[in-house]
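Everything below concerns the one structure shown next.
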Amino acid sequence: MMIKKILIFACLSVVSYAVLAKDLGTWQLRSPDNAYDLNIVQREVGDGKRQLYYRLDYLGKEVVRESELGILVENQLFESALGIENDPSTRWCENLDFQVEVRDEVRQDWGPLYGERSRVKNHYRELVLTFTKFGEGNSLTEGQHGTSYDKRRSYELHMVFRAYDEGVAFKYFFPESSNGLFLHIVGEQTAFAFAPGTKAYYERWAQGPYALQPLEGWADESERPLTLKLPNGLNVALLEAQMVDYARTKFRLSDKHPHTLVASIYDNVDAISPFSTSWRVIMAAEQPGELIENNDIVLNLNDPNEIENTSWIKPGKVIRSGLTMAEARACVDFAAAHGLQYVHLDAGWYGPEMKVESDASQVAENRDLAMQKLINYATAQGIGIMVYVNQRALAGHLDELFPIYQKWGIKAVKFGFVQIGSNRWSAWLHDAVKKAAEYQLMVDIHDEYRPTGFSRTYPNLMTQEGIHGNEEMPDATHNTILPFTRFLAGAGDYTICYYNNRIKTTHAHQLALSVIYYSPLQFLYWYDSPANYGGEPEIEFFDRVKTVWDDTRVLNGEIGEYVTMARRSGKEWFVGAIGNNEVQHIVAPLSFLDEGQVYVAHSYTDDEQVPTKTQVKVTRMLVDRQSTLEFQLKASGGCAVYLTPASENDLTKYNKVNGH
């Protein structure tokens, strides 16, 4: 029986080896502001084994204790090339030789096509450590002219580390090899050791609930991003970036070391060098809101935009329609009247989505829906049409379906029930997004997919689900956890509802979600219809709110308790505040407003005295940057505020009413 051997790049052992350890090399990398201090060491730990460790501090406080680095590669042909096929005790890490370090610093900023900020700072220091592995046998041979030369095969592994003011990241990179390097990656040893008493916002699957748990006794792996509370008061998040052709990572408890997490990839990865793993990202903050304000690190770890003509990529607000012509036309009319940009046709328009024989190139015969007439009707009113297509119908038919949708005039496609996690389906999904760009189609990916920054490279990937949202109707406490966890990774299609009687929050809470939850394609009426609208005055907030922003500020917040955020579009500001299942007192200082400018603040709060079915009160007042707004939120409540520069007429009316 052939016994497979696992080759380990840059692996390490436990701290118990420290007595025997001999440091072979140490490296330090600090962020530009010197807040992050990353230290890497290679040690000889008995029997000549050389292993890599890292540790991380933030503002002088411990974030990650000394932890393992390593990637597992299993490949019989590769072992043969290295001459180790007959030595089952040999592991690749034991013979890695350090060659060179290269340091660099990048200072730049860039303007995304859309985002949570109009400018993104991309400032980091980088350290690349090159290690080699040499094959054995015939190492020195006499040449024709009597000169010795080395015929040994050599392979390289680059450990790439970056330190930003917003966090640190590292990845494993295998450069192109003249000898050819075929990789069968079976796992990682990448570990994250924390102090006793650390707790994590554990979530088993992407659309699941959260539970604050210690780093022990987990039933399963936890999703990413994974946000943790450290005993020293720091808030820490572990993320993944640029997972394009790798395998999805979750986090599991180490079976060897207490209070330690290990990066767990979904499945094996087969690749040929040059090849890079996804980035492992660590963020730390004294206040949890700082994690949200620093989440552009995920985008910065991805390649720049590769779409030359982006004029057709247009963010906007969406209403979901029923699948009859009358319902769809009513939604178009409602969208045009209320500042929405898109109407979405969900599952079932082309037939049962789970049946292979359902043909997504045409409307099902039993549907009262004339697609081209609807699109023409919507286009005349400036409204775009989106459609849902299950991956079952997409797989193998992209080149057939996408040209048809472009010809019809479809603006976006929502991929449904996508396969995620494996190397194969991760590559397929991102290739499908690229293919959609060829036909000027925006994309919304539903179900378990979570972003890792690919929207920077292909900004037609507008948003994605991977969130426990209003399809499951979570409670308010869950909603106050999401900004500090899921939304660190990027846009989330929460599918906001307003009128549906199954929501477990107040209506003002739902209004505020449109500000707090970032999504360039923002569904505002998921389980609603135009017939639900009864002239409620607070709907003007949904009419005015934007989906992309020039600036984002977290005014205050505590994970699982409350959060208050302010976002700017042009000269207008929108503020959203939500509380958990308990009553919350919210204080919102307006110091972010322009100096010397007076604003009209339109506030929308829950009030049982308001004689409408939604019971939301609308209040208007004049404010400036010295003002502070205070709200007493009901249990599961929220409030929303729209601020616009006051006109001369506004000031005149205010002075008249107040006798000035």
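What follows is calculated from the coordinates using simple rules that are stated; it is not laboratory data. Given the structure is predicted, the values throughout are model-derived calculations rather than measurements. Positions of Cβ are generated from backbone atoms using ideal geometry, with glycine treated the same way; all protein chains shown enter the neighbour counts.
Observations on the structure shown:
- Using the Cβ-Cβ distance between residue 648 and residue 308 with R0 set to 56 Å, the FRET efficiency works out to roughly 0.80.
- Distance between the modelled labels on residue 26 and residue 373, one decimal in nanometres: 7.8 nm (7 Å Cα→Cβ projection).
- Figure legend: label point modelled 7 angstrom from the Cα of residue 435 along Cα→Cβ; residues of segment 401-420 with amide N under 11 Å from it are 401-403.
- Residues whose placed amide H lies under 5 Å from that of residue 25, excluding near-sequence neighbours: 42
- For the pair residue 612 and residue 422, label points projected 7 Å from Cα toward Cβ lie 5.0 nm apart.
- Difference of contour (0.36 nm per residue) and Cα-Cα distance, residue 556 to residue 252: 106.4 nm
- Fewest-first ordering of 374, 521 by other beta carbons within 10 Å of each residue's beta carbon gives 374, 521.
- Packing-based ranking, highest mean first, of 203-209, 38-44 given that Cβ atoms within 10 Å are counted: 38-44, 203-209
- Multiplying the residue separation of residue 325 and residue 107 by 0.36 nm and subtracting their alpha-carbon distance yields 73.2 nm.
- Formal net charge of residues neighbouring residue 122 (Cβ-Cβ distance under 14 Å; K, R +1; D, E -1): -1
- Charged neighbours of residue 540, selected by a Cβ distance under 15 Å, balance to +1 (K, R count +1; D, E count -1).
- Cut-off 17 Å (backbone N to label point 7 Å along Cα→Cβ of residue 212), residues of segment 469-490: 475-486
- Per residue, the average separation of C-alpha pairs within less than 8 Å and at least 6 apart gives the chain a relative contact order of 10 percent.
- Alpha carbon centroid spacing (whole Å) that separates segment 507-561 from segment 401-443: 27
- Residue order, fewest to most beta carbons within 10 Å, for 506, 547: 547, 506
- Of all lysines in the structure, those lying under 23 Å Cα to Cα from residue 133, and not within fewer than 8 positions of it along the same chain, are 4, 5, 22, 49, 151, 171.
- Annotation: the residues 249, 652, 463, 457, sorted from fewest to most other C-beta atoms within 10 Å of their own C-beta, follow the order 652, 457, 249, 463.
- Selection from 334, 351, 364 lying farthest towards where the dipole of segment 301-367 points positive, charges on Cβ: 334
- Radius 13 Å from Cβ of residue 585, net charge of other residues (Lys, Arg +1; Asp, Glu -1): -3
- In summary, the aspartates and glutamates within cross-link reach of residue 61, defined as a Cα separation below 18 angstrom excluding same-chain residues under 8 places away, comprise 33, 37, 165, 166, 286, 290.
- Segment residue 504-residue 219, length gained on full extension (0.36 nm per residue, minus Cα span): 99.9 nm
- Calculated FRET efficiency for the pair residue 358/residue 540, C-beta based, R₀ 41 Å, to 0.05: 0.55
- Within straight-line cross-link reach of residue 571, lysines at Cα separation under 18 Å, skipping those fewer than 8 residues along the same chain: 546
- Note on the chain: with charges restricted to the Cβ of Lys and Arg (+1) and Asp and Glu (-1), its dipole about the Cα centre is near 420 debye.
- Within segment 211-330: Cβ-based charge dipole about Cα centre, in debye rounded to nearest 20 (Lys, Arg +1; Asp, Glu -1): 380
- The charge dipole of segment 411-558, taken about the Cα centre with unit charges on the Cβ atoms of Lys, Arg (+1) and Asp, Glu (-1), comes to about 460 debye, rounded to the nearest 20.
- Amide H contacts under 5 Å for residue 353, placed H, 5+ residues apart: 348
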